[in-house]
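S.K.: This is the structure I want to talk about, given as structure tokens.
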Amino acid sequence: MKLTEIRRLLDCDVIYGEDLLDDTEVHSCFAADLMSDVLAFSRSGALLVTGLTSLQSVHTADVADLAAILFVHDKRPGDPVVEVARHKKIPLLTTRRLMFETCGLLFGHGLQTAGKE
Amino acid sequence: MDELVLYRETFTITGDDFEHGGDAAAAVKAVLKDLGLDPAIIRRLSIANFEAEMNVIMYADKGRMDLVITPSAIRVVVADRGPGIEDIDLAMQEGYSTATAEMRARGFGAGMGLPNIERSTDSFEIESVPGKGTTLRYSVSLPQAPKGQGQEAPEQR
């Protein structure tokens with residue numbers, strides 16, 4: 001699923017990476033607020049769905065080679081965090097939907113779990 | 001036996017500096033990418049580095065991350081000055097944590113850091129002196145080139 005489709009599906013605001021959405025395709029998703037879980041169990045190329053807006057969410061996406069971050073519940077990181085995402089070219093989106101609905105919709109539209117089997 | 005060192009760099013980490021938590025891991029990752037190493041290997045080492053860096057930020061006064069690349073492995077030593085760990089076996093148990101609410105609000109401190117480092121690396125050692133500090137040594141092996149590159153004995157037939 002392209003990020004442009006995810007944006008439409010969840011009526012997202014794009015915080016950073018408007019021009020990257022069309023070229024970024026994700027097939028799997030990992031949802032957590034615990035970054036240690038993401039580091040331990042996610043797979044590269046996944047979409048990170050989280051409510052954590054600290055700098056550590058962007059660093060986690062970077063070190064774990066994740067494709068993009070989708071914040072839930074209309075959460076938005078501060079400018080310094082967005083700046084790091086820009087530097088690393090990691091698209092950031094936010095949706096007003098809660099974690100459960102977000103994951104349900106993404107799952108229903110074919111995204112797979114990006115966890116270890 | 002001393003191994004040939006291809007690259008060496010030291011990164012400093014400041015305790016309680018959550019605003020820069022992850023910068024050292026990101027800097028190491030950039031070095032490894034520039035060297036053209038396998039992305040899967042970079043990912044494993046970067047995960048270990050990030051957890052180790054966050055441990056210093058969360059628990060220690062200060063620390064450093066030494067990166068050494070040899071033909072056979074990427075080796076990292078993370079040494080800190082801090083409270084140390086009283087019971088290493090307990091600290092290695094997944095889920096055991098002494099983290100504060102601030103640490104948990106950053107997405108860490110769930111008692112997974114040390115087990116994650118061990119899981120992502122090929123060798124892992126921990127040494128700690130309560131009241132002084134903790135030193136982690138871990139490495140990720142590099143695949144050996146199929147044809148001898150001088151380091152190894154030539155293939156016998």
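Just so it is clear, none of the values below were taken in a lab; they were calculated from the coordinates. Here the structure is a predicted model, which is why all the values come from computation and not from measurement. Cβ atoms come from the backbone with ideal geometry, glycine included; neighbour counts cover every protein chain shown.
S.K.: Between residue B:125 and residue B:33, how high is the FRET efficiency from 1/(1 + (r/R0)^6) when r is the Cβ-Cβ distance and R₀ = 22 Å? Nearest 0.05.
M.R.: Details: r = 26 Å, r/R0 = 1.20.
The calculated FRET efficiency here is 0.25.
S.K.: Another question about this same structure. From a point 7 Å beyond the Cα of residue A:11 in the direction of its Cβ, which residues of the stretch A:37-81 have a backbone N at a distance under 18 Å?
M.R.: Under 18 Å, as judged by backbone N against the label point of residue A:11, lie A:71-76 of the stretch A:37-81.
S.K.: Rank the residues B:50, A:71, A:41 as a footprinting-exposure proxy: fewest other Cβ atoms within 10 Å of their Cβ go first.
M.R.: Values: B:50 31, A:71 24, A:41 17.
The fewest-first ordering by Cβ neighbours comes to A:41, A:71, B:50.
S.K.: By average Cβ neighbour count within 10 Å, what is the ranking of A:28-39, B:81-92 from highest down?
M.R.: On the way: A:28-39: 22.5, B:81-92: 15.0.
Per-residue mean Cβ counts within 10 Å order the peptides as A:28-39, B:81-92.
S.K.: Something else about it: Nearest 0.05, what FRET efficiency do residue A:79 and residue B:86 give at R0 = 41 Å with Cβ-Cβ as r? Don't skip to the answer; put the middle values down first.
M.R.: Values: r = 40 Å, r/R0 = 0.98.
Working from the Cβ atoms, E equals 0.50.
S.K.: Here is a follow-up. Between the stretch B:1-60 and the stretch B:94-144, what's the alpha-carbon centroid distance in Å?
M.R.: The two parts, judged by their Cα centres, are 13 Å apart.
S.K.: Going highest first, how would you order A:76-83, A:94-101 by mean Cβ packing within 10 Å?
M.R.: Going by the mean number of other Cβ atoms within 10 Å, highest first, we get A:94-101, A:76-83.
S.K.: Moving to a separate point now. How high is the relative contact order of chain A, in percent, with contacts defined as C-alpha pairs under 8 Å that are six or more residues apart?
M.R.: Numbers: 237 pairs, mean separation 38.8, N = 117.
After rounding, I find 33 percent.
S.K.: Run the count for the protein assembly as shown, please: Lys pairs, Cα-Cα under 23 angstrom, 8 or more apart or on different chains.
M.R.: 13
S.K.: A further question on this structure: Per residue of B:102-109, count partner chain C-beta atoms within 10 Å of its C-beta, then hand back the mean as an integer. Don't jump to the answer; show the numbers that get you there.
M.R.: Values: counts 0, 0, 2, 4, 6, 17, 7, 3.
That average works out to 5.
S.K.: Relative contact order (percent) for the stretch A:56-117, with alpha-carbon contacts under 8 angstrom and 6 or more residues of separation?
M.R.: 35 percent
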